[in-house]
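The values are calculated or read from the model by the stated rules, or taken from the named source; none is laboratory data. The model shown is predicted, which means the values in this text are computed figures rather than measured ones. No Cβ is skipped: glycine too gets one built from the backbone with ideal geometry, and neighbour counts run over all protein chains shown.
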Amino acid sequence: MIESISESTHSSYSPELLRYQKTIETPAEDYLFYRQSFRGIPVSNGWLRIDESASSKEFLGVHSRILDDAGIGQIESVGEFKPWVKEQAAVLKSKLAMGPTRQWDVLDTKLCYRIDKHKPKLAWKVQLAESKGVRSGDVYIDALRGTRIVVLKSTWSSPMAKGFVFRPNPLVHMDADALPDPKLLPTASYIQVPIPVSRSSRVLRNDYAYAWSPNSESHATAGQFFYDASDVRFGQTMALYYATWMQLYLGKTLGFSRANPGQVEFIVGFNREDNSYYDLARNRVYLGLGGIPDFQDAEVILHEYSHAIHSVINQPLSLDKSSINFLEGFCDYMALSTCEHFKVKHGGLSQEFAAWDGWKSGRRVRDSLGIRRADDDDLLSDTENQIHSTDRSDRASEFWTGVLWDLREAVAGSKAGHGDSVVLGALYKIDAPYTASNFAKAMLLYNRSHYSGHKEKSIVEVFTRRGIPVGL
Ligand SMILES: [Zn+2]
């Protein structure tokens, strides 16, 4: 048992071996990493990684594929420690190997020993990521001959990166009475999750999202996205995580594989205002920094991403100015519904959209109010003039969120995702004019075509109770 690697006298861990040491900081804990090297050059796949806590020096684990004496002897016999091939030539060759018709960003280049057919070779390791796309990979070029040793293309579904997110926001994990200072959130608010980009990626970009900020540091360590919530890069991680998660839920779980807006760009912290929006022409979501930064509340991210969803399903509806309150209500519903099962602990927060984003100093956790609600019980007649107009009205959109939520409850206990499917499917079926009645009709039609009319009576009751005329 090794108590502390850095103070160890264990003969396997010579000072030479431990020359490459670095600290990885995370909000929860700092870790020390050591890499094996030979004459100052890291060994790429004969490496030794030892994790220990930086503060307590507690030993956490060793990942050892240590290069043994025979391996060291091999390197010694090659006798080459200086590359003959220039770095630029290796980069060019690597780009060709990854795909000559694409544009590549160079994330990192370093000299290393790569073990190839049991023999260590001096090599350039070039890490590349596609400039406007999702591909990335590592290419090893023989630094003496200029030939290609290996091309390791990565996809985000194979070994994924890791990082911190809120699930869906810090309130859900709070026992304390008073709301905490957003700058001093308890460690328990952060959840470690797989981040859906490749483990070798230093860019938050996959098939569904690309998250970046105008003024932010780059991601220092490939595959590690552990940030404090005050760091805008935490918001990039949240945006990519939740957009991907929602797309997989819609596409894979509910079967709406064509409700996919492609790679949505998230510009995280684009200004200091307390607002966010989706830009259809650019397929972009802008998240503002004001108040509680919108990126700290997953419901806000999911709401904006839902705008991309209805836009790809039904563009005429999405461009119709007098449908704004239906669409806002729909996006709140989607955000709340997909987050609902994360809210296991704090039941009192259910059906409130953006409860964390609505943070107010001095408020208590259980009394914290969301920005909008889903439990409103208005009748259509209370809000009819607003909901069918081009004026944005919270009361009208809350009415609609409430109707959709009632439908969700009415079909609960039937097939999982029944409510969400009917709400989404109606967007394919609805005809103009986009009225409450026509939405109701479209939901019933979708329920007939895809659920054989299961629970139709309960759904009709929801509309009747809200004063929405339905005729089929
Ligand atoms: Zn909106």
Sole miss for P469 among (1) of a type outside the set (D, E); (2) more than 24 Å from S257 (Cα to Cα); (3) assigned to a helix (DSSP H, G or I) is condition (3)
How many residues of segment 199-220 are in contact with a helix residue (DSSP H, G or I) (Cβ under 9 Å, 6 or more places away or on another chain), hydrophobic (A, V, I, L, M, F, W, C) and surrounded by fewer than 21 Cβ atoms within 10 Å (Cβ to Cβ)? The answer is 1
If we ask which residues in segment 419-437 are closer than 14 Å to V403 by Cα and not hydrophobic (A, V, I, L, M, F, W, C), their number turns out to be 4
Scanning segment 384-432 residue by residue, the ones that are surrounded by fewer than 21 Cβ atoms within 10 Å (Cβ to Cβ), polar (S, T, N, Q) and either touching a residue at least 12 places away in the same chain (Cβ under 8 Å) or on the phi > 0 side of the Ramachandran plot (or both) total 5
Can T435 be described as surrounded by fewer than 23 Cβ atoms within 10 Å (Cβ to Cβ), among the β-branched types (V, I, T) and touching a Ser or Thr at 6+ places or on another chain (Cβ under 7 Å)? no
Residues in segment 371-415 that are in a helix (DSSP H, G or I), over 20 Å from H303 (Cβ atoms) and hydrophobic (A, V, I, L, M, F, W, C) total 2
Flagged in segment 274-299 as farther than 24 Å from L369 by Cβ, surrounded by fewer than 20 Cβ atoms within 10 Å (Cβ to Cβ) and touching a strand residue (DSSP E or B) at 6+ places or on another chain (Cβ under 9 Å), in numbering order, are D279, R282, N283, R284
Item to complete: Kindly indicate whether G419 is part of a helix (DSSP H, G or I), within 35 Å of the chain's Cα centre (by Cα) and over 30 Å from L171 (Cβ atoms).
Response: no
Within segment 235-247, of all residues that are in contact (Cβ under 8 Å) with a residue 60 or more places away in the chain and either touching a strand residue (DSSP E or B) at 6+ places or on another chain (Cβ under 7 Å) or basic (K, R) (or both), the one farthest from the ligand (Cβ to nearest atom) is T237
_Based on this model, can you work out whether A123 counts as touching a residue at least 40 places away in the same chain (Cβ under 8 Å), in the same structural domain as R145 (by TED's automatic domain parsing) and not in a strand (DSSP E or B)?_
no
